[in-house]
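> Starting off with a structure, shown below.
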Amino acid sequence: MPSLNYAAPTSVQEAVALLAGAAGLAKPMAGGTDLLVQLRSGRLKPELIVDTKQIPGMIGIREEAGGFVIGGATSGAMLEAHAALKAAWPGVVEAMDLIGSEQIQGRASLAGNLCNASPAADSVPAMIAAAAVAVIVGPKGERTVPVESIVVSPGRTSLARDEFILAIRLPPRPAHSGDAYLRFIPRTEMDIAVVGCGVNVTLDAAGVCTAARVSVGAVAPTPLLVAEAGAALVGHTLDEATLAKLDAAARAACKPISDKRGTIEYRIKVAGVLARRAAAIAFERAAGRVAKGH
Amino acid sequence: MSKHHVTTTINGEETEFLCETQETLLDVLRNTLNLTGSKEGCASGDCGACSVIADGTLVCSCLMLGVEAEGKTITTVEGIADGETLHPVQRQFLEHAALQCGFCTPGFIVATKALLDANPDPTEEEARYWLAGNLCRCTGYDKIIRAVMDAAAEMRGEARAA
C-alpha cells in the first residue's frame, strides 16, 4: 500500500488547504465508521485523511436563533444525550440512533451519514423532513445547502473535493410541531433500511396541518423529498382520506431496485405504510402527546 | 510519510507508540503493544470483539485509527480487573459460564463495563439493545444477559437476581 498521510488540522482554513492541496484523493474524516471500512476493503485509496474533529465547532450541539446547530462530527451518542434536541426533534434523534450499535453511536455523525451518500442512510430522510441544512465550508468560505441537495447518486455528494460539512442546522420549531422517522428492517436492530420514511408537521390550534415535509429513503438512488406527500397533509387532520392520499403520494415517488433486502413491489408498498405510520406519530407529537417512535 | 508518534493513556499507564496512518487502534493494541485481549472478528464494526472505551465512550477499536488515540484515555479488557482481582462483570461471566469459545468475551466484558458505568440499573431490554453490537455465535446470549444483570445487581450492592 502506498503511504497514507494523516492530518488533524485545528482550523477550517488549514483543513481546506490540505484538502485542496493534495495531489491524489483526500478524504475528510469525522467518526470514520464508514471511511475506515472503505479504506480496509480497498474501495477507497486516498493519499490523505483529514481528521476534522480538532476543528472548533465540529463537535457539539448549540441552540441558535431558536434552532439547533450540530457540529459535523458530533456523535449519535451526544445527540441521544441532549434533552432539548430530543424534545424538539425526536424523529431526527431517533433516526440517528437507529444507525449501527452503541459502539458505532460513539463515533458516527449526522454529517458523516449524509456524506457517505447511501440511499438507505437512516438519518437523511429525517433531516430532509426536518428541513435541515448543511453548512459547507471550502476555499470560497461558507455556503448552506438543503440536505436534500447533498446526495446526488449512491456514494456521491454535491460537495467539491476541498469542501466538508462543518455543521447541520435544524430550523426553529413553531408551536404544535412534531417529527418522526420509521424504517422497516426484518429484524429489531443492527440492519440496513429496506425502506425509511421521515415526516415533519406543524398543526394549528385545532389540529389541522399547516405545514408538512415527507421524505423517503432506500426506494431510489438518493433519499427523496416528496413534496406531493407533504402537500397531501396540509389543510387536513389525519383522516382516512388524507392518509390514503399521503400513502399514494409516497408510493408514487418510489423508484426502487429489487435486491436481497426487498423487491420493487414490496418496497413501494412499505413506503406507503411507513408514511402513514410516521405521520400518525408526528401528528401525535405535534399535538403535544407522547408517541413512541423507534 | 514517517510513522506517527502517539502519546496516550492505556489502562491507566502513559503509553507511547509509533504507527502508520492506516493502522487501526486495534492493530496497534494487538501488534505493537501486545495487548491481544481485544479481538479482530469482522474488522468492519459489526461484531464488537474489538470494543474499547475511549475517553469514556464505547467504540470499536477497528474503526478508530491508532493515530487518533493521541491524548486520549483508553481502557481495554486488560484494564478491567483490579490487579489479580476480577471485576464483578468478569466474575459473573465465569459464574454463569457466559462463554464458550471465548472470542467475543473481551468485547462483551468491555461493552458491559461501559453499560454499567452509564446505567447501573438497566432493564434486560436495555442490556440486550446495548449489547446488540457484540456478536456471540456460541451461547445464544441468555447466559451473557444473566451474567450482565447479576453483575449490575452485585455492583449496586443488591442480592443476586434469582
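The values are calculated or read from the model by the stated rules, or taken from the named source; none is laboratory data. Note that the structure is predicted; figures quoted are calculated from it, not measured. We place every Cβ from the backbone using ideal geometry, glycine too, and count neighbours over all the protein chains shown.
> Given region A:1-101, what strands (runs of 3 or more DSSP E) lie entirely inside it while holding 1 or more residues that are surrounded by fewer than 19 Cβ atoms within 10 Å (Cβ to Cβ), under 17 Å from the mean Cα position of the chain (by Cα) and among the polar types (S, T, N, Q)?
Qualifying strands (runs of 3 or more DSSP E): none found.
> I need the full set of residues from region A:53-87 which are closer than 22 Å to residue B:65 by Cα, away from chain B (no Cβ under 12 Å) and of a type in the set (Val, Ile, Thr), in order please.
The answer is A:55, A:74.
> For region A:54-79, give me each residue that is small (Gly, Ala, Ser) and at pLDDT 95 or above.
Scanning region A:54-79 gives A:57, A:60, A:67, A:71, A:72, A:73, A:75, A:76, A:77.
> Regarding region A:28-49, can at least one residue be identified that is of a type in the set (Gly, Ala, Ser) and more than 13 Å from chain B (Cβ to nearest Cβ)?
No, region A:28-49 has no match at all.
> Okay, next question. Step by step: first the residues of region B:51-73, then only those that are farther than 19 Å from residue A:76 by Cβ, within 9 Å of chain A (Cβ to nearest Cβ) and surrounded by 24 or more Cβ atoms within 10 Å (Cβ to Cβ), then the one that is farthest from the chain's Cα centre (by Cα). Which residue is that?
Among those residues, the one meeting the criterion is B:67.
> Let me ask something else. So which residues in region B:1-39 are away from every other protein chain (no Cβ under 11 Å) and either in contact with a His (Cβ under 9 Å, 6 or more places away or on another chain) or in a loop (DSSP other than H, G, I, E, B) (or both), if there are any at all?
B:11, B:12, B:16, B:17, B:18, B:33, B:34, B:35, B:36, B:37, B:38, B:39
> Right, another one. Is there any pair with a first residue in region A:47-73 that is small (Gly, Ala, Ser) and a second that is at pLDDT below 95 whose Cβ atoms are under 8 Å apart and which are 6 or more apart or on different chains, and what are they?
Matching pairs, first to second residue: none at all.
> Of the residues B:76, B:24, only one is more than 30 Å from residue B:147 (Cα to Cα), polar (S, T, N, Q), touching a helix residue (DSSP H, G or I) at 6+ places or on another chain (Cβ under 8 Å) and surrounded by 21 or more Cβ atoms within 10 Å (Cβ to Cβ); which?
Residue meeting the stated conditions: B:24.
> Show the residue pairs that are 6+ apart or on different chains and have beta-carbon atoms under 8 Å apart, the first residue being within region A:116-136 and without any contact (Cβ under 8 Å) to a residue 40 or more places away in the chain and more than 10 Å from residue A:91 (Cα to Cα), the second being aromatic (Phe, Trp, Tyr) and in a loop (DSSP other than H, G, I, E, B).
So the pair list comes out empty.
> On the basis of being surrounded by fewer than 23 Cβ atoms within 10 Å (Cβ to Cβ), among the small types (Gly, Ala, Ser) and in contact with a strand residue (DSSP E or B) (Cβ under 6 Å, 6 or more places away or on another chain), does residue A:253 make the cut?
Spelling it out, residue A:253 is indeed surrounded by fewer than 23 Cβ atoms within 10 Å (Cβ to Cβ), among the small types (Gly, Ala, Ser) and in contact with a strand residue (DSSP E or B) (Cβ under 6 Å, 6 or more places away or on another chain).
> Can I ask one more? Given the conditions (1) small (Gly, Ala, Ser); (2) in the same structural domain as residue B:140 (by TED's automatic domain parsing); (3) surrounded by fewer than 17 Cβ atoms within 10 Å (Cβ to Cβ), report the number of the one that residue B:44 does not fulfil.
(2)
> State yes or no: is residue B:73 closer than 26 Å to residue B:90 by Cα, among the β-branched types (Val, Ile, Thr) and without any contact (Cβ under 8 Å) to a residue 12 or more places away in the chain?
It is false that residue B:73 is closer than 26 Å to residue B:90 by Cα, among the β-branched types (Val, Ile, Thr) and without any contact (Cβ under 8 Å) to a residue 12 or more places away in the chain.
> May I pose another question? Looking at B:121, B:142, which is the one that is surrounded by fewer than 20 Cβ atoms within 10 Å (Cβ to Cβ), touching a residue at least 24 places away in the same chain (Cβ under 8 Å) and not assigned by TED's automatic domain parsing to the domain that holds residue B:17?
Of the residues listed, the single one that is surrounded by fewer than 20 Cβ atoms within 10 Å (Cβ to Cβ), touching a residue at least 24 places away in the same chain (Cβ under 8 Å) and not assigned by TED's automatic domain parsing to the domain that holds residue B:17 is B:121.
> How many of the residues in region A:101-112 are more than 7 Å from chain B (Cβ to nearest Cβ) and touching a residue at least 60 places away in the same chain (Cβ under 8 Å)?
4
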